[in-house]
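**Q** Questions regarding the structure given below will be posed in turn.
The numbers here are math on the coordinates, done by the rules we state, and not lab data. Here the structure is a predicted model, which is why all the values come from computation and not from measurement. Positions of Cβ are generated from backbone atoms using ideal geometry, with glycine treated the same way; all protein chains shown enter the neighbour counts.
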Amino acid sequence: MTATHSTRMLILGSGPAGLSAAIYGARAGLAPIVVQGIQPGGQLTTTTDVENYPGFRDVIQGPWLMEEMQAQAEHVGAQMMWDTIVEIDLSQRPFRLVGDGGTVYVGDVLVIATGAQAKWLGLDSEKLLQGKGVSACATCDGFFYRGKKVAVIGGGNTAVEEALYLTNHSHDVTLIHRRDSFRAEKILQDRLFANEKIKVLWNKAVERFIDGGGVAGLVGIELRDTVTGELSTIEVDGGFVAIGHHPATELFRGHLELDEDSYIKVETGSTRTSVAGVFACGDVMDKVYRQAVTAAGTGCMAALDAERFLAETDFEAKAHAPA
Ligand code: FAD
Ligand code: NAP
């Protein structure tokens, strides 16, 4: 028989946004259920040092921060579900969602905090060599390249942080960027330029990841100069693509309004989406800030918006109920 779980507040996603919404929702007595998805704890579980989340004088670890956030949410009464939502019906309240094993979740309100996922370059050779030298997560896979040559592709905070992180394992890290300046924060750039294990290749795009054949996997990267068009090759054992993320919104296409970049549209200054009773928070609706603290902040906003929505609809239902 299919299991059904009902709650006043259903939350999709267990990153900083979903867990902050859960903490506020639980403390408001809404007994939230959090469906965690395939990445419990969200993106921060793929990183190491976090030094810009307020409240900690010393550097903390991303996975540790998310464990603490989950423990706090559970401590105040939120319930975690190890499941991923694959089907939604937002046509009427309560909303009905289905997990990948068929479990049904019913919520009076829905908070969407499904975050974002790594972008890939879209090359055939990249797909072919994923798991054989090509990765999108240095903190997950960097360890496998101890003492080997690695490259990172990208020019944002993630790319610079991944390059710095990889110097824990490798003495030869190349950062490949398609332009001649980074968009990463200055403090990270300063650290990067001061690190002798890292060299930067400017104005270079990846043309092809080179397959050594058999068990060799990745052996090099063919590059195209974005100014001159000239081709060149570097030898590497590991290639880390760090070019940003896509919002996880495919599930909501056709059900909620999305913007031109597929982020969930919310009313300015709130987390209200195009469907009454559905709220969105964190990276799934924010393409500007995309930080743990802003995700947590909008998670709090979503819970408060949801709580007010429930109070208003409950009041109206009572007012219109037969005497
Ligand atoms: P996410 O953290 O992306 O979480 C999304 C959640 O949704 C996940 O739990 C996932 O399993 C779940 N989910 C997705 N689809 C479904 C579904 N269908 N059903 C159920 N659940 C689903 N920010 C900082 O402030 N400081 C940093 O130092 C920092 N370092 C970073 C390092 C890296 C490598 C990366 C990638 C990001 C970093 N960021 C940092 C950014 C920060 O991690 C994000 O802004 C933040 O995690 C966004 O939180 P979120 O809750 O919106 O989404
Ligand atoms: P990002 O800021 O969007 O940067 C993506 C980088 O990849 C850009 O330099 C971009 O080049 C490059 N790029 C994009 N598509 C490419 C392609 N097809 N080929 C080659 N290069 C490509 O993404 P991010 O670095 O993952 O950061 C995402 C968010 O998380 C940001 O808001 C960031 O501040 C945050 N974050 C914060 C921290 C921190 O605070 N310590 C750490 C990590 C991430 P162009 O510059 O030419 O566009």
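**Q** Say R0 is 45 Å: what FRET efficiency, to the nearest 0.05, do Q130 and V275 get from their beta-carbon distance?
**A** Numbers: r = 36 Å, r/R0 = 0.79.
After rounding to 0.05, the efficiency reads 0.80.
**Q** Further, regarding this structure: For a Förster distance of 51 Å, can you work out the FRET efficiency between the beta-carbons of D190 and E257, rounded to the nearest 0.05?
**A** 0.80
**Q** Still on this structure, please answer the following. Fewest Cβ neighbours within 10 Å first, please rank V215, V104, V236 accordingly. Show your work: numbers first, answer last.
**A** Working: V215 6, V104 14, V236 25.
Fewest to most other Cβ atoms nearby, the residues stand as V215, V104, V236.
**Q** Summarise the long-distance tail of P(r) for segment 29-168 by giving the % of C-alpha pairs beyond 26 Å.
**A** 42
**Q** Something else: Based on the mean of other Cβ atoms within 10 Å per residue, sort peptides 86-98, 107-119 so the most packed one is first. Don't skip to the answer; put the middle values down first.
**A** On the way: 86-98: 15.5, 107-119: 24.6.
Ranking the peptides 86-98, 107-119 by packing returns 107-119, 86-98.
**Q** Rank V278, P322, L223 by how far each Cα sits towards the positive end of the charge dipole of the chain (+1 on Lys, Arg Cβ; -1 on Asp, Glu Cβ) and give me just the farthest.
**A** Going by the Cα projections, it comes out as L223.
**Q** Go through the cysteines of the chain and tell me which have no other cysteine Cβ under 4.7 Å away.
**A** Here C281, C300 come out as lacking a disulfide-compatible partner, given the Cβ-Cβ threshold of under 4.7 Å.
**Q** Just need the relative contact order of the chain here, percent rounded to a whole number, with Cα pairs under 8 Å and 6+ apart. Numbers along the way, then the final one.
**A** Working: 733 pairs, mean separation 64.4, N = 323.
Reported as a whole number, the value is 20 percent.
**Q** I'd like the antiparallel share, as a percent to the nearest 5, of DSSP beta bridges with both residues in the chain. Mind showing how you got there, number by number?
**A** Working: 27 of 61 bridges.
Bridges in the chain that DSSP calls antiparallel: roughly 45 percent.
**Q** Using 0.36 nm times the number of residues separating D225 and K287, minus their current alpha carbon distance, what extension gain do you get? Intermediate values should be presented prior to the final figure.
**A** Details: separation 62, 0.36 × 62 = 22.32 nm, distance 2.88 nm.
Net length gain for the segment: 19.4 nm.
**Q** Only bridges with both residues in segment 1-104 count here: give the DSSP antiparallel percent, nearest 5. Show your work: numbers first, answer last.
**A** Numbers: 7 of 14 bridges.
Of all bridge pairs located within segment 1-104, approximately 50 percent are antiparallel.
**Q** Within 10 Å of each residue's Cβ, count the other Cβ atoms and sort D141, D100 from fewest upward.
**A** Values: D141 18, D100 12.
By the 10 Å Cβ count, ascending, the order reads D100, D141.
**Q** A further question follows. Nearest 10 degrees is fine. How inclined is helix 157-166 to the longest principal axis of the chain, computing both from alpha carbons?
**A** Relative to the chain, helix 157-166 is tipped by roughly 60 degrees.
**Q** Scaled to the compact-protein estimate 2.2 N^0.38 Å, what is the alpha-carbon radius of gyration of the chain, rounded to two decimal places? Mind dumping the intermediate values first?
**A** Working: Rg = 22.1 Å, N = 323, 2.2 N^0.38 = 19.8 Å.
In units of the 2.2 N^0.38 Å rule of thumb, it is 1.12.
**Q** By per-residue mean of other Cβ atoms within 10 Å, what is the highest-first order of 54-65, 25-36, 311-322, 217-228? Walk me through the numbers before you get to the answer.
**A** On the way: 54-65: 12.3, 25-36: 22.2, 311-322: 9.1, 217-228: 17.2.
Packing proxy ranking, top to bottom: 25-36, 217-228, 54-65, 311-322.
**Q** Taking square-rooted eigenvalues a ≥ b ≥ c of the alpha carbon gyration tensor, is segment 134-274 rounded, prolate or oblate, where a/c under 1.5 means rounded and, failing that, a/b exceeding b/c means prolate?
**A** In terms of gyration-tensor shape, prolate.
**Q** Enter the angle in degrees (range 0 to 90, nearest 10) between the Cα long axis of helix 62-75 and the first principal axis of the Cα atoms of the chain, meaning the one along which they spread out most.
**A** 10
**Q** Compute the angle between helix 16-27 and the longest alpha-carbon principal axis of the chain, please, reported from 0 to 90 degrees and rounded to the nearest 10.
**A** It is inclined by approximately 20 degrees.
**Q** Quick check for the chain: number of Lys pairs with alpha-carbon distance under 15 Å, counting only pairs 8 or more apart or on different chains?
**A** Step by step, the pairs that qualify in the chain add up to 9.
**Q** Taking neighbour Cβ counts within 10 Å as the exposure measure, how do Y165, Y53, Y289 sort from fewest upward?
**A** Numbers: Y165 19, Y53 16, Y289 12.
Least crowded to most crowded, the residues run Y289, Y53, Y165.
**Q** Fully extended, how many nm does the chain gain between E51 and H246 (0.36 nm per residue separation, minus their Cα-Cα distance)? Intermediate values should be presented prior to the final figure.
**A** Working: separation 195, 0.36 × 195 = 70.20 nm, distance 2.41 nm.
Full extension of this stretch gives 67.8 nm more.
**Q** May I ask for the distance between the Cα centers of segment 1-24 and segment 97-115, given as a whole number of Å?
**A** Comparing the Cα centres of segment 1-24 and segment 97-115, I get a distance of 7 Å.
**Q** Now for a different question. As a test of the formula, what do you get for the chain when each DSSP H run with n ≥ 4 contributes -39,500 (n - 2.57) and the sum is divided by the residue count, at 222 nm and rounded to the nearest 500 deg cm²/dmol? Show your work: numbers first, answer last.
**A** Working: 7 runs with 84 residues, N = 323.
Roughly -8000 deg cm²/dmol at 222 nm, from the helical runs in the chain.
**Q** What dipole magnitude, in Debye to the nearest 20, does the chain give about its Cα centre under +1 on Lys/Arg Cβ and -1 on Asp/Glu Cβ?
**A** Values: 28 positive and 41 negative charges, 38 e Å.
The dipole of the chain has a size of about 180 debye.
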